[in-house]
Amino acid sequence: MTWSADEMMTVAAARVLRGDSRCFVGIGLPSTAANLARRTHAPDLVLVYESGTIGAKPDRLPLSIGDGVLAETADAVVSVPEMFNYWLQPGRIGIGFLGAAQIDRYANINTTVIGDDYAGPRVRLPGAGGAPEIAASCGEVIVVVRQSARTFVDRVDFVTSVGHGKGPGDRERLGLRGRGPVLVITDLGVLEPDPDDRELTLTRVHPGVTAEQAVAATGWPLRVAATMTTTEPPSEAELTALRALTGSQETT
Amino acid sequence: MTARIVPLAEAVAELVHDGDTVALEGFTHLIPVAAGQEIIRQGLRGLTLVRMTPDIVYDQLIGAGCAARLVFSWAGNPGVGSLHRFRDAVQNSWPAPLEIEEHSHAGMANRYVAGASGLPFAVLRGYLGTDLSEHTATIAPIRCPFTGETLTAVPALNPDVGIVHAQRADRHGNVQYWGITGVHKEVVLASARSLVTVEELVDELTPVPGAVVLPGWALTRVSVVPGGAHPSYAMGYSDRDNDYYQAWDAISRDRQSFQEWLAGVKA
C-alpha cells in the first residue's frame, strides 16, 4: 500500500500513544492520531476533550471536540470549568496533543495572530482555546504539525502556549508544572528538544525524506542529530484503520 | 403557563438592549442560535458579545453589525476553519470595527465561575509566559498569600444578559439539560438577566442521569424554540449538523453571499 505524507505523520503520532495513558486531545490532526491509536495498539487510551468528555470512545472521527458521539461514549461528562480546574490544572492528564499555526525552535506555539501587530494582524487565527493550559499542565506535550518554513519560524509572532520559553530552566522559572513539548511530529519527520539547551533537533525522518528536506522546510538553521533514524513505514493494518476512521473525510 | 415562559421575540425585546453585554453560551452543544438570529432581526447595535467559542452564531451577529466588542477565547468554525465575518471585522473593520478582549478557555471559564460566585475575581495557574497578558487588561499576576506562588487573576464576568439553549422546561420554568454542559450554569447565574430557550415544554421533568436542573426562580425568561440550537445540537433531540458547519464556510466567505444569507434571516 502507498501512503501520503499526512498519513505517515498521523500514524507516527498515533504510535507514541501507549497503553492506558490519559491524553488531552485537540481537534484535527491530534484527534485523528489519538483515535487511530485507540483503534489499533492502545484500546485503553483515555481520550479527554476540552468540551468535558473524559474517556470518549467514538466509532467515527468527530468533526468537532463537542460532537454528540463523544458525550454518548464517554466515561464521564463534566462542565468546562470542572475540566480545566479539576482535571487539567492539577496535572491529572499525562499527555497533551496539540497542533500549531507557528512553532519556534523552543517549541513555543502561536495560534493567535500572524504578523507583529496584534491589533492589526496580517492573519487573525482562532486564538488560545484550551492550549495554553494544556501546554502548561499536562505531564508532557506532543505537537503534530505539517512542516514548512512558514510554520517553523525562528520566533513565533505571538506566544499563545509556552513550549520551552527561551531555553533551559524557563518552564521551571514560570512555575509551569509539566515537562512541556517532548516531540514534534511532522509530515517529514520528528523533532525533539535537545536535552541540554532545549532547542528542537531533527532526530528522525519518515521513509523517503532526507534531513536536507526537513532543514529546507524550517525557518531557522535546524540542527540535525548525529545519529538519525528512519520511521517504520505505516503497516497495512495501520493504514486500513486510519482510512476506515477518516472515511470520506480527508485524513488531515 | 407562567409569565416566565414567553415567545422568543418577546423575551429578546424585553431582555436585550443596545449596548448591553450579552453572552450566548453552549460548548458546541446547546448553542442558542435561534436567539442570536432574533437579536439580528431586532437590529440591536453596539453589543459587547461574550462567548468562549464564538462560532457560527457570533459570525452571524458580527457580520450583521450587532457587535462593538468581543470577549472570547477561541474564534473559529469548529472542525472546519476560520470565521470569515469575524476575520473581516478584525482585519478590515467590516461592517464595523470590532474591539477584542482575548482569553484562554480556562480564563473565560473561571471568569464565569467568579461571576456566578459573587466574587470579584478568580485565580488560575495559567497564562504565565504567554503573550496574552500583554494585550489583555483583564489578565493580571497575583501572589498567593499563603505560598507566595505567582498565579493569574481574572475579573468576574457578569453579563447584562446570559442566553443558553436546553432540552426542556416544565410549566414552572424549571429547566433541565444534559450531555456536554459547558458553562451553562455559570453564565446563567453570573448574568443580571437570563433567557433559556428549550426544545420542549413538559408537565414534569423526568430524571435523567447526569442532567442539570436550573430552578425556574434562578432564570428570568424561558422560550420554547424547538430546533433552536441548529446547526449545533440538543442531545436526545437532534444531531450536530456537520454539513451546515461546512456549508457556512462558503456562505460567510465573502460579503455578498453573507448579505444574501442575512436578507433571508431578516425576511
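The sole residue among A:150, A:122, A:92, A:105 that is within 9 Å of chain B (Cβ to nearest Cβ), open to solvent by 30 Å² or more (accessible area, probe 1.4 Å) and among the basic types (Lys, Arg) is A:122. Remark: residue A:40 matches the filter, which requires a residue to be more than 28 Å from residue B:127 (Cβ to Cβ), surrounded by fewer than 24 Cβ atoms within 10 Å (Cβ to Cβ), of a type in the set (Val, Ile, Thr) and in contact (Cβ under 8 Å) with a residue 24 or more places away in the chain. Within the stretch A:71-84, not a single residue is more than 7 Å from chain B (Cβ to nearest Cβ), more than 17 Å from residue A:50 (Cβ to Cβ) and buried (at least 24 other Cβ atoms within 10 Å of the Cβ). Filtering the stretch B:38-59 to residues that are among the hydroxyl-bearing types (Ser, Thr, Tyr) and within 14 Å of another protein chain (Cβ to nearest Cβ) leaves B:53, B:58. Of everything in the stretch A:46-58 that is surrounded by fewer than 24 Cβ atoms within 10 Å (Cβ to Cβ) and of a type in the set (A, V, I, L, M), the residue that is nearest to the other protein chains (Cβ to nearest Cβ) is A:54. In this entry, residue B:186 passes the filter for residues that are surrounded by 23 or more Cβ atoms within 10 Å (Cβ to Cβ), closer than 28 Å to residue A:162 by Cβ and charged (D, E, K, R). Each residue in the stretch A:197-248 was checked for being β-branched (Val, Ile, Thr) and more than 20 Å from residue A:149 (Cβ to Cβ), and 6 pass. Considering only residues that are open to solvent by less than 40 Å² (accessible area, probe 1.4 Å) and among the hydrophobic types (A, V, I, L, M, F, W, C), look in the stretch B:118-135 and name the one that is nearest to the chain's Cα centre (by Cα). Only one residue fits best here, namely B:122. Can you say whether residue A:132 is open to solvent by 30 Å² or more (accessible area, probe 1.4 Å) and touching a Leu at 6+ places or on another chain (Cβ under 9 Å), as far as the supplied structure shows? Judged against the criteria, residue A:132 is not a match. Each residue in the stretch B:223-239 was checked for being away from chain A (no Cβ under 13 Å), farther than 20 Å from residue B:162 by Cβ and touching a strand residue (DSSP E or B) at 6+ places or on another chain (Cβ under 8 Å), and 2 of them qualify. The single condition from (1) within 14 Å of chain A (Cβ to nearest Cβ); (2) of a type in the set (Ser, Thr, Tyr); (3) surrounded by fewer than 23 Cβ atoms within 10 Å (Cβ to Cβ) that residue B:220 fails is (1).
For residue B:52, the test of being under 19 Å from residue B:135 (Cβ atoms), touching a residue at least 60 places away in the same chain (Cβ under 8 Å) and in a loop (DSSP other than H, G, I, E, B) is passed.
A single member of A:61, A:98 is more than 9 Å from chain B (Cβ to nearest Cβ), surrounded by fewer than 24 Cβ atoms within 10 Å (Cβ to Cβ) and of a type outside the set (S, T, N, Q), and it is A:61. The condition (being in a helix (DSSP H, G or I) and crowded, with 21+ Cβ neighbours inside 10 Å) is satisfied by just one residue among B:60, B:91: B:60. Among the residues that make up the stretch B:136-144, is at least one of them aliphatic (A, V, I, L, M), at pLDDT 95 or above and either part of a loop (DSSP other than H, G, I, E, B) or open to solvent by less than 30 Å² (accessible area, probe 1.4 Å) (or both)? Scanning the stretch B:136-144 turns up at least one residue that is aliphatic (A, V, I, L, M), at pLDDT 95 or above and either part of a loop (DSSP other than H, G, I, E, B) or open to solvent by less than 30 Å² (accessible area, probe 1.4 Å) (or both).
Is the stretch B:26-37 home to any residue that is among the hydrophobic types (A, V, I, L, M, F, W, C), more than 26 Å from residue B:174 (Cα to Cα) and within 14 Å of chain A (Cβ to nearest Cβ)? Taking every residue of the stretch B:26-37 in turn, none turns out to be among the hydrophobic types (A, V, I, L, M, F, W, C), more than 26 Å from residue B:174 (Cα to Cα) and within 14 Å of chain A (Cβ to nearest Cβ). Every test in (1) among the aliphatic types (A, V, I, L, M); (2) more than 9 Å from every other protein chain (Cβ to nearest Cβ); (3) in contact with a helix residue (DSSP H, G or I) (Cβ under 8 Å, 6 or more places away or on another chain); (4) not in a loop (DSSP other than H, G, I, E, B) is passed by residue B:96 save one, and that test is (4).
If the condition is being open to solvent by less than 20 Å² (accessible area, probe 1.4 Å), facing chain A (nearest Cβ under 9 Å) and hydrophobic (A, V, I, L, M, F, W, C), then the stretch B:63-88 contributes B:72, B:75, B:83, B:86.
Any chance you could count how many residues in the stretch B:145-177 are under 30 Å from residue B:6 (Cβ atoms) and either surrounded by 21 or more Cβ atoms within 10 Å (Cβ to Cβ) or away from chain A (no Cβ under 14 Å) (or both)? Final tally of qualifying residues: 21. Might you check whether a residue that is within 16 Å of the chain's Cα centre (by Cα) and facing chain B (nearest Cβ under 9 Å) occurs anywhere in the stretch A:35-44? For the stretch A:35-44, residues within 16 Å of the chain's Cα centre (by Cα) and facing chain B (nearest Cβ under 9 Å): absent.
The values are calculated or read from the model by the stated rules, or taken from the named source; none is laboratory data. As the structure is a prediction and not an experimental result, all values here were calculated from the model. Please note: Cβ atoms are built from the backbone with ideal geometry, for glycine as well, and neighbour counts cover all protein chains shown. Accessible surface areas use protein heavy atoms only, side chains included; no ligands, DNA or RNA. Shrake-Rupley method; radii C 1.70, N 1.55, O 1.52, S 1.80 Å.
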